[in-house]
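One structure below.
Every number in this text was worked out from the coordinates using simple rules, so none of it is lab data. Just so we're clear, the structure is a prediction, and the values are computed from it rather than from any experiment. Here Cβ is always computed from backbone atoms with ideal geometry, including for glycine, and neighbour counts include all displayed protein chains.
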């Protein structure tokens with residue numbers, strides 16, 4: 001495990017991953033300015049930038065296993081966890097949830113702990129193609145399973161369309177429920193394709209594959225993911241845009257001068 | 001220089017500048033920093049409401065593999081403690097913990113277990129045995145404790161004119177009581193900290209809204225110099241007031257780190273979020289409204305009975321709205337508090353306005369119904385451009401415009417004034433309206449800008465200890481720098497949430513946007529001013545900042561700036577205003593209801609970024625919907641614990657609970673408020689939402705609901721049969 005200073009040393013501008021290059025491209029930093037920016041990153045800004053941007057290898061930033069003398073764990077188990085197409089062998093306390101294994105042992109903190117009781121959806125990950133609550137999943141049960149977390153959705157330096165849509169439609173505020181919302185949304189696209197029913201499905205006999213989800217269906221099927229900031233409208237818009245391929249328009253506007261005058265003089 | 005380049009400056013609906021980090025799972029929240037050698041702390045909570053700890057058995061916990069320390073009052077470090085009887089709680093108040101065997105409420109921290117792993121700490125915490133001597137005098141029942149209420153000694157009671165005379169002049173009087181329950185903020189990110197104590201120096205990665213005040217509270221509690229405390233909080237996973245002050249888990253983590261000589265992470269559990277990270281208290285608000293037949297208000301009084309803890313005082317200013325929203329000569333606002341054996345309440349989103357507006361705007365609707373007046377016209381009739389409480393004009397007030405423009409957008413003309421006349425099958429359909437106001441403070445803010453020239457491009461870094469709690473601070477600060485430096489926003493880097501940066505008032509009370517942006521503006525303006533002065537360039541000459549650096553033969557330049565309210569500001573009352581409209585469908589048999597659509601009109605000064613401003617408004621509306629639909633923390637009347645202890649029983653709104661929301665911003669710049677014309681928007685959205693829904697329910701069903709939340713069972717109890725029960 002690296003602390004902030006070691007992190008600083010580890011930042012090598014010549015050896016960036018596709019993801020990092022993409023992010024710096026998005027920031028409009030090229031050539032010497034990119035190099036300069038990387039050098040400039042102060043210790044303080046590392047907290048914002050480096051630790052989050054610079055993940056040259058997915059597991060390069062993971063915490064090492066706990067020292068032997070303290071790993072006399074209760075019911076110690078060994079499990080190979082496959083996350084985002086990479087496998088990491090772990091020695092864990094048998095009580096460890098997948099959520100805590102991801103966050104505390106693999107350094108994959110994108111998956112969030114919002115309640116630890118399966119009630120908020122912040123910890124949603126995709127296991128074998130289905131959305132699952134990682135806080136209610138024991139890490140010990142994950143051997144041989146394909147786990148995708150929010151960190152694994154971008155491919156070839158390109159954000160998943162759902163991530164792009166959330167960004168465009170501001171489908172978040174504080175960002176804490178966001179990884180869960182996005183993993184849920186990505187898996188929901190598949191559920192619609194497979195024709196899976198929900199609580200608000202009108203006619204269970206007429207279910208077919210390739211469902212086009214109504215707004216109510218989207219809201220119901222996304223109701224397992226709480227957003228306390230209240231970005232639900234924007235989350236629905238982001239999902240709809242990816243689901244239908246049609247642009248969603250914002251529902252804010254500015255009053256015109258004409259409206260203002262009329263209101264004042266009514 | 002002309003403004004030919006696209007600066008993506010103030011007013012553009014750009015995506016959040018830190019958004020890619022959030023959607024990719026790369027934004028780092030407090031408990032996510034990879035700190036070497038970190039261990040885990042788990043807090044233990046009391047299981048009595050009042051009394052003393054008589055014995056503690058830590059032996060079983062200490063035997064467990066991995067357990068490093070069990071901390072209780074017996075071995076805890078002595079800290080600075082609160083002085084006086086129930087001192088008022090503030091955002092920088094000290095947070096002493098584990099200082100004695102006294103228990104003041106159910107859920108108070110009585111211990112902390114530190115262990116190598118989270119699992120070990122959690123299990124060990126369950127093995128520490130406490131024996132208590134219960135004090136039967138615990139005050140835990142609000143209803144039965146009215147006689148214990150006292151008047152808080154902070155000049156909060158207010159009156160103007162003569163209430164009795166006002167009521168005597170009235171043709172109609174509404175006298176009703178409105179109840180709101182205990183509510184909890186519940187940001188999605190659990191309060192968390194990783195604290196380390198290193199040779200008397202504290203570093204705390206802590207989820208806090210106000211960095212400077214967190215620093216003051218830590219230094220005050222441990223009686224160490226402020227300069228030896230560093231608080232880092234670049235991303236805050238929601239706050240809503242719960243992270244305004246420093247809660248005691250942070251102090252426990254620092255103390256533990258000192259004792260085990262390793263960094264300690266403490267994450268508050270969701271259940272502890274009910275007992276250890278603030279709450280909005282229960283309010284009983286008695287309203288008396290008098291009006292003439294023609295709708296002119298003659299009297300308005302607002303009496304609030306609430307509670308605080310037995311150790312600290314907090315009073316939510318529910319009556320604030322009644323003092324300033326309408327033109328009424330005779331006005332009275334009073335407060336009473338019952339000290340109870342419960343956690344100290346503290347500010348939750350729009351403290352005062354959120355709950356006070358439910359009472360006021362419900363009572364206004366009741367009066368409009370009695371007068372057979374349109375509720376919008378009734379409000380407009382009593383509009384005022386003067387704050388009668390502060391006896392000074394509003395810097396700007398477009399409430400009438402909010403109401404009229406909203407009415408048009410919503411289709412208010414289609415509303416049937418008589419309840420139960422708009423029906424569709426089993427549904428009773430109602431329209432509701434309410435007016436909103438929220439104080440818009442603005443506070444002293446420092447900021448630093450670092451300019452760097454790279455070929456022809458200038459890259460700017462803005463630093464301040466401001467926070468972004470989902471409000472969009474990173475984005476609007478970047479836009480401000482882009483605007484005032486006239487460089488593209490992509491060339492602006494914003495660094496926040498670190499106590500090493502210049503001091504700001506942090507996030508809270510709707511002052512963030514105005515304070516942070518004006519602070520950033522001041523730094524950028526100072527930079528340009530100095531660069532011009534150094535080369536004797538006239539201040540009004542337009543020269544690109546890249547040229548200025550070149551002319552100064554500089555590749556790097558730093559400047560600081562400070563912004564604060566002007567003398568002019570003090571002569572006015574500065575508030576944001578708004579209007580809420582709701583359409584509600586109530587099932588006439590089950591009492592189940594759906595909010596079908598909402599319209600909000602916001603007059604909140606200069607809109608810095610409509611995308612993030614819209615987020616603030618719909619976020620407020622969502623929490624307002626939570627108030628009316630379901631949010632309620634219940635107290636067990638025998639033991640004083642909360643019955644609601646998780647999201648399974650404390651219901652916050654989910655996606656399906658919300659409807660389509662249209663938001664209209666009024667084109668306003670309030671230059672009295674501040675140089676950039678910004679007013680607050682973070683709390684305006686929640687204000688009066690509950691009333692607009694409740695008023696719509698009356699219009700749908702003819703039943704007046706005065707207790708939040710309005711659950712289907714309450715509607716059934718009120719009787720959903722024909723007739724109007726006013």
For this session: For residue B:535 paired with residue B:413, estimate the spin-label separation in nm (one decimal), with each label point 7 Å from Cα along the Cα-to-Cβ line.
Result: 6.0 nm
Exercise. For the modelled label position 7 Å from the Cα of residue B:99 along Cα-to-Cβ, which residues of segment B:221-246 have backbone nitrogen atoms closer than 13 Å?
Worked result: B:221-223
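Please give the average number of partner chain Cβ atoms lying within 10 Å of the Cβ of each residue in B:644-656, rounded to a whole number.
Other-chain Cβ atoms within 10 Å of each residue's Cβ, averaged: 6.
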Seminar exercise, completed: Taking every residue of B:231-238, the Cβ atoms of other protein chains inside 10 Å of its Cβ average out to 5
Problem set entry | Mean residue ellipticity (222 nm) of the protein assembly as shown, computed from DSSP H runs ≥ 4 via -39,500 (n - 2.57), nearest 500 | -8000 deg cm²/dmol
Exercise. Calculated FRET efficiency, residue B:554 and residue A:249, Cβ-Cβ r, R0 45 Å, to nearest 0.05?
Worked result: 0.50
Exercise. Taking Cα centroids, how far is segment B:196-250 from segment A:100-153 in Å?
Worked result: 29 Å
For this session: With a Förster radius of 56 Å, plug the Cβ-Cβ distance of residue B:81 and residue A:203 into 1/(1 + (r/R0)^6) and report the FRET value to the nearest 0.05.
Result: 0.30
Seminar exercise, completed: Once normalised by the length of segment A:196-266, the mean sequence separation of its alpha carbon contacts under 8 Å that are 6 or more apart gives a contact order in percent of 23 percent
Problem set entry | Label-to-label distance, nm, for residues given as residue B:542 and residue B:201 (7 Å Cα→Cβ offset) | 4.7 nm
Problem set entry | Per residue, the convex hull volume that the Cα atoms of segment A:126-199 enclose (Å³) | 134 Å³
Seminar exercise, completed: Quick note on B:146, A:131, ordering by fewest other C-beta atoms within 10 Å, gives B:146, A:131
Exercise. Regarding segment B:279-372, what whole-number volume in Å³ per residue does the convex hull of its Cα atoms give?
Worked result: 79 Å³
Exercise. Once the Cβ-Cβ distance between residue A:143 and residue B:179 is put in as r, and R0 is 60 Å, what FRET efficiency do you end up with, to the nearest 0.05?
Worked result: 0.65
Exercise. Modelled label-to-label distance, residue B:568 and residue B:60, 7 Å Cα→beta-carbon offset: nm?
Worked result: 6.9 nm
For this session: Could you give me the radius of gyration and the Dmax of chain B, taking only the C-alpha atoms into account and expressing both in angstrom?
Result: 26.6, 82
For this session: Take the Cα coordinates of segment A:68-152, assign each an equal point scatterer, and use the Debye formula without solvent to give log10 I(q)/I(0) at q = 0.18, 0.22, 0.23, 0.25 Å⁻¹.
Result: -0.69, -1.02, -1.11, -1.29
Problem set entry | Rounded Å value of the spacing that divides the Cα centres of segment B:652-726 and segment B:254-293 | 24 Å
For this session: Starting from the Cα-Cα distance between residue A:212 and residue A:156, subtract it from 0.36 nm times their residue separation and give me the gain in nm to one decimal.
Result: 17.3 nm
Problem set entry | Cα-based Rg / Dmax (Å) for the protein assembly as shown | 27.9, 83
Exercise. Sorted from fewest to most neighbouring beta carbons within 10 Å, what does the list B:228, B:662 look like?
Worked result: B:228, B:662
Exercise. When B:116, B:490 are ordered from fewest to most other Cβ atoms inside 10 Å of their Cβ, what list results?
Worked result: B:490, B:116
For this session: Could you grab the relative contact order for chain B? Cα pairs under 8 Å, six or more apart, rounded to a whole percent.
Result: 17 percent
For this session: Could you tell me what fraction of 2.2 N^0.38 Å the Cα radius of gyration of segment A:161-244 comes to, as a two-decimal ratio?
Result: 1.05
Problem set entry | Within 10 Å of each Cβ in B:392-400, the average number of Cβ atoms from other chains | 1
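Relative contact order for segment A:68-152 using alpha-carbon pairs under 8 Å, separation at least 6, rounded to a whole percent?
Normalised by residue count, the contact order of segment A:68-152 is 35 percent.
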For this session: Could you tell me the distance between the Cα centroids of segment B:78-107 and segment B:567-618, to the nearest Å?
Result: 37 Å
